[in-house]
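One structure below.
The values are calculated or read from the model by the stated rules, or taken from the named source; none is laboratory data. As the structure is a computational prediction, the values presented were derived from the model and not from experiment. Glycine gets a Cβ as well: all are built from the backbone with ideal geometry, and neighbour counts include every protein chain shown. The area values use the complete protein model at the heavy-atom level, side chains included, leaving out ligands, DNA and RNA. Shrake-Rupley method; radii C 1.70, N 1.55, O 1.52, S 1.80 Å.
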Amino acid sequence: MKISRRIAASRPLATTAMHGRVEAFRNEGMGIIDFSIAISHFSPPAPVLDAVTRAVQEERTMPYTGVAGALDVRRSLCAKLERENGIAAEADEIIVTNGAKQALYQALYAMTDPGDSVLIFKPHWPAYVTTCQLLGLKPILADLPDTLTPETLAACPRADLVIVNNPHNPTGKVYAKEELGHLCAWSHLTKAQVIVDESYEHLSFGPAHTSFATLCDWRALGVVTIFSASQSYAMMGWRLGFALGPAAIAEAMQTLQGPITAAASHLAQVALVAAFDSGPQQHMIDEYRERRDTVLRHLVEVPWIEMRCPDSGPYLWGDVRSLTTDTEAFAEALLAEEGVAIMPGDALGVPGFIRIGYICDDPVTLMEGVRRLVAFGDRLAADK
């Protein structure tokens, strides 16, 4: 039996690996509280469930669609982009994918060659670096500035492509329009192509989200923007996403997707349209904000953790460097001793920090997990 060198040299994605361990423990009857990822406790919007039900009941067959997605689906997504994002697009510039990860992989594959460099701001979603490594690219990590300015961008290493996450996982940063304008100018100056992950576009608690593609000539620059239904519509396991890019890049992504998965499932495409047609889910945002504030109030007096209030997203990003910089060991011990799973900052490029997903469980379980986390950290602090 042979395992290829390229996959043998790779490690499982940290986020999915931790979640897999949690599932294994739960299957053994252990009561694990999982803060390592964000799985909404909400159900998908009613229009999604209704649309899927009608499709199952009324459509006698669900044939394959074109690899990029059914034409009426892509036209509906064009209308979403015009309505919500202010982007004018054509159907041949959109490809429907099985979640944002597939869109990311295919965009990187289509836009780069092995050995090309990719600038990634840290902390970062682990899939950015892992996907680059699988494709033989050179990820270049740079600290995420508090504010993107011409000066901070000029200090960044040159790269063939840059990945921008807006809103940002895990910090919750929402880039201001002025910052994105500076990024546009920098991209034109350096000739770097851009992938913008806007999966959390509807998870802002206040600051307005601006799509990068509205501020630049995205067709000429070579900009791919990725969207997902997972978090904004509580549809994590449905695996629904799409990408917008210049027609040549969208076609190249389609060429790759054809022999891998072909089109996303017919039923998933029905759900995707219904989700984005339903608009932002304000009731979800309101409850997430309340949960965020409750956890932060509980942690504000804890001396060994410093946590900013995020402007968006399902995560809290905490600095525990006063306690430890080995957050992998911290996470392992917390899981073993308290039955609480978190994501160590090491996996996101910044040791000494931890990421907490706070939208998964009921409020009582959420606060029980926070209590266990604090108790564990207090014991470590007392032993120092």
*For segment 177-265, please list each of the helices (runs of 4 or more DSSP H) lying entirely inside it that holds at least 2 residues being charged (D, E, K, R) and open to solvent by 40 Å² or more (accessible area, probe 1.4 Å).*
177-190
*Collect the residues in segment 324-351 that are over 23 Å from the mean Cα position of the chain (by Cα) and open to solvent by 20 Å² or more (accessible area, probe 1.4 Å), keeping them in residue-number order.*
324, 325, 326, 329, 332, 333, 336, 337, 338
_Residue satisfying all of: in segment 279-305; within 21 Å of the chain's Cα centre (by Cα) and open to solvent by less than 40 Å² (accessible area, probe 1.4 Å); nearest to residue 95 (Cα to Cα) among these_ = 279
*Does segment 352-368 contain any residue that is free of Cβ contacts under 8 Å to residues at least 60 places away in the same chain and open to solvent by less than 40 Å² (accessible area, probe 1.4 Å)?*
yes
*Which of the following residues is β-branched (Val, Ile, Thr), outside any strand (DSSP E or B), open to solvent by less than 30 Å² (accessible area, probe 1.4 Å) and within 25 Å of residue 257 (Cβ to Cβ): 129, 174, 118, 164?*
129
*Residue ID - farthest from residue 211 (Cα to Cα), chosen from residues in segment 53-98 that are in a loop (DSSP other than H, G, I, E, B) and touching a Leu at 6+ places or on another chain (Cβ under 7 Å)*: 62
*asked:* Quick check on my filter: what residues within segment 335-363 are among the aliphatic types (A, V, I, L, M), in a helix (DSSP H, G or I) and modelled with pLDDT of 95 or more?
replied: 348
*Only one of (1) touching a Cys at 6+ places or on another chain (Cβ under 9 Å); (2) free of Cβ contacts under 8 Å to residues at least 24 places away in the same chain fails for residue 120. Which number is that?*
(2)
*Name the residues in segment 307-316 that are under 14 Å from residue 373 (Cβ atoms) and open to solvent by 20 Å² or more (accessible area, probe 1.4 Å), would you?*
307
*If residue 16 passes every condition in (1) open to solvent by 40 Å² or more (accessible area, probe 1.4 Å); (2) free of Cβ contacts under 8 Å to residues at least 24 places away in the same chain; (3) within 23 Å of the chain's Cα centre (by Cα); (4) under 30 Å from residue 215 (Cα atoms) but one, which one does it miss?*
(4)
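Would you confirm, using the coordinates I've provided, whether residue 11 is in contact (Cβ under 8 Å) with a residue 12 or more places away in the chain, within 25 Å of residue 169 (Cβ to Cβ), open to solvent by 60 Å² or more (accessible area, probe 1.4 Å) and of a type outside the set (Phe, Trp, Tyr)? Can you show your working first?
Values: in contact (Cβ under 8 Å) with a residue 12 or more places away in the chain: yes; within 25 Å of residue 169 (Cβ to Cβ): yes; open to solvent by 60 Å² or more (accessible area, probe 1.4 Å): yes; of a type outside the set (Phe, Trp, Tyr): yes.
Yes, satisfied.
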*Please name all residue pairs, on different chains or six or more residues apart, with Cβ atoms under 8 Å, provided the first residue is in segment 31-57 and is in contact (Cβ under 8 Å) with a residue 40 or more places away in the chain and over 25 Å from residue 16 (Cβ atoms) and the second residue is β-branched (Val, Ile, Thr) and open to solvent by less than 60 Å² (accessible area, probe 1.4 Å).*
51/270; 51/273; 52/270; 55/270
_Filtered residues of segment 58-82 (kept if in contact (Cβ under 8 Å) with a residue 12 or more places away in the chain, of a type in the set (A, V, I, L, M, F, W, C) and closer than 25 Å to residue 283 by Cα)_ = 77, 81
*Do we find that residue 187 is within 17 Å of the chain's Cα centre (by Cα) and among the polar types (S, T, N, Q) in this structure?*
no
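Would it be correct to say that residue 290 is of a type in the set (D, E, K, R) and either farther than 26 Å from residue 378 by Cβ or outside any loop (DSSP other than H, G, I, E, B) (or both)?
Details: of a type in the set (D, E, K, R): yes; either farther than 26 Å from residue 378 by Cβ or outside any loop (DSSP other than H, G, I, E, B) (or both): yes.
Yes; evaluated as a whole, the condition is true for this residue.
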